[in-house]
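Visitor: Pasting a structure below so you can have a look.
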Amino acid sequence: MYVRIDKGKHFVMKKISILIVAAFLLSGSSLYAKWKDKQGNIIEDTESIKSHGDFGAQLLLIGDEKTFFKNWNTPSHTVNLDTISALNRGDSVITPIIFAGCTKNSEGKCHITVDYQMIQPDNKDYAVIPNMTIISPKMPVHSNDILELGLEYPKFVFEPQDPTGQYTLHAKITDHIKGATITLTQHLTLYDNNITIKQEKPASEDQRPSQLPPPNEKQKALSQWLTYFYQHPNTPDTLQNIQAMFTEGFFNKTNSVAPLIMFLADVLRQNEKKLPKWKNDLLSIPEETQKYMLISLYEANTPNSKVILEELKRTNQKSLVEHIQQNPPIDLKTVPITSPAILDMLWATFMASGDELYVKRIVETLSLSTDLEDRNQRINNLLLIGSAKWSLASNAIQHPLVLTVCKRYQNSKDPNIKKHILEVLKNVDNHNNKEVKI
């Protein structure tokens, strides 16, 4: 789930998600607390790799999640970590912490957290994410010679409106048992999409463009329209903005497609009577993205959207429409919330409709248990709770209606919801008081 949470810039494209992984339940990689390279040589402290006594940590920038986790979960004496230092708009990067040698309490448990701060090229805060868990006292601890992967970390997805240039990521890591803190830093250069990046060999300074193109103002305005559609629905430019979602590349990023479809489906439902008149304009979008329009019409599930799809079955779109119709439309008011992708779709539909029900469903996700015996279900619940909490906090800052809904749960009879929602509200208060920027 990607939530843009820096104050003053509000986009429906969600920028940061909290990923919670099962690394602490896996065997880990057999690397030693003293940092070594592949040849076994001791690595001196750098900006991104530091140690404090027996405790050592490294901040990673990973572009290829799939390969990273495949390598991490493969038992070996070393692990190949392919990091990046540059990427294009629309690309994403995860920023996990790997560590070893944490200090144990009297029960043999560790407690380490991390505060992230991403600074954009103009030296303003891009995002500040406090108090994320690397390892908690509830988690099992491996021996000090095992390298482990932190429990929570952000995933940043850079959208068309983000400024190009060098971003700086700071990770302040605190070992609460030992009372020690280290700060790690990584630098990441964001290019416009017309720059070819070879991740295995970052470009040198003289290879980088001397002038970077300004953000696309149309994309900024369109993102604002998407985020706050429910406050001013169905303005005269609604049809033009729907078309612009496709021409401005909003559907070019795979993990943005599902929430955008659900947003668009709700907008089409609200404009049911206009669909016959809009039909030709809706289908005049770029051919490579027309399938997303057809899916949106199907998910809208209105009489006129059904008529349009049936008419298309008499054209060369027949096979595509029939394929789309194989599964029933998604009912976000009742569908089980089993993944962060569902949370994304709920937020998108809220931004289209302003219906509190979608926010309530996200809040109620906080009731999930994290003490289950089933390892996979426990990890999935942790993932959902982490994503729900951070998205609630960030959207409560942007949307007064979300904040109002959250406040209704601060005295919830469900202890899990009460605990988590109070943390959400605390983060919102800290942000508003400028103590912590989310």
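All of the numbers you see were taken from the coordinates with simple rules; none came from a lab. It should be emphasised that the depicted structure is a prediction, and the values quoted were computed from it without experimental measurement. Note that each Cβ is placed from the backbone with ideal geometry, even for glycine, and that neighbours are counted across all protein chains shown.
Visitor: Could you list 311, 44 so that the one with the fewest beta carbons within 10 Å of its beta carbon is first and the one with the most is last?
Guide: 44, 311
Visitor: With each pseudo-label sitting 7 Å past Cα toward Cβ, what's the residue 322-residue 307 distance in nm, one decimal?
Guide: Here the answer is 2.4 nm between the modelled labels.
Visitor: When a footprinting reagent is the concern and you count Cβ atoms within 10 Å, what order do 153, 292 take, fewest first?
Guide: 292, 153
Visitor: Another question, then. Hey, got the dipole for the range 355-432? About the Cα centre, +1 on K and R Cβ, -1 on D and E Cβ, debye to the nearest 20?
Guide: Its charge dipole is roughly 140 debye.
Visitor: What do the square roots of 5 times the Cα gyration tensor eigenvalues come to for the range 217-324, in whole Å, largest first, as semi-axes of the equivalent ellipsoid?
Guide: Computed over the range 217-324, the values are 22, 16, 12 Å.
Visitor: So between residue 357 and residue 54, what do we pick up on full extension, going 0.36 nm a residue minus the alpha carbon distance?
Guide: This chain segment gains 104.2 nm when fully extended.
Visitor: With each label point set 7 Å from Cα along the Cα-Cβ vector, what nm distance links residue 404 and residue 237?
Guide: So the two model labels end up 2.7 nm from each other.
Visitor: What does a probe at residue 333 reach in the range 293-310, counting residues whose amide N is under 19 Å from the point 7 Å along Cα→Cβ?
Guide: Correct set: 297-306.
Visitor: Using alpha-carbon pairs under 8 Å, 6+ residues apart, how would you state the relative contact order of the range 319-438 in percent?
Guide: Here the relative contact order equals 21 percent.
Visitor: Something else: Starting from the eigenvalues of the Cα gyration tensor, five times each then square-rooted, give me the equivalent ellipsoid semi-axes of the range 80-125, largest first, whole Å.
Guide: 32, 16, 8
Visitor: Can you give the extra length, in nm with one decimal, that the chain gains between residue 82 and residue 187 once fully stretched, where that is 0.36 nm per residue apart less the Cα-Cα distance?
Guide: Length difference between fully extended and current span is 36.3 nm.
Visitor: Once the Cβ-Cβ distance between residue 429 and residue 272 is put in as r, and R0 is 35 Å, what FRET efficiency do you end up with, to the nearest 0.05?
Guide: Efficiency at R0 = 35 Å is approximately 0.30.
Visitor: Per the Kirkwood formula on distinct C-alpha pairs, the Rh of the range 304-438 is how many angstrom?
Guide: Taking every pair of different Cα atoms in the range 304-438, averaging 1/r and inverting gives 16.9 Å.
Visitor: Still on this structure, I have one more. For the range 307-381, what number results from the quotient of the Cα radius of gyration and 2.2 N^0.38 Å?
Guide: Dividing the Cα radius of gyration by 2.2 N^0.38 Å gives 1.54.
Visitor: For residue 315 and residue 131, FRET efficiency with R0 = 56 Å and r from the beta-carbon atoms, rounded to 0.05?
Guide: With R0 = 56 Å, the Cβ-Cβ based efficiency is 0.55.
Visitor: Also, quick follow-up: Please compare each pair in 178/413; 279/333; 50/124; 138/172 to a cut-off of 30 Å on the Cα-Cα distance and tell me which ones are over it.
Guide: 178/413
Visitor: Continuing with the same structure: Counting C-alpha atoms alone, how compact is the range 355-432: give Rg to one decimal and Dmax as a whole number, in angstrom.
Guide: 12.4, 39
Visitor: Mind checking the full-extension length gain between residue 71 and residue 369? Use 0.36 nm per residue of separation minus the Cα-Cα distance, one decimal, nm.
Guide: Length gained, residue 71 through residue 369: 104.3 nm.
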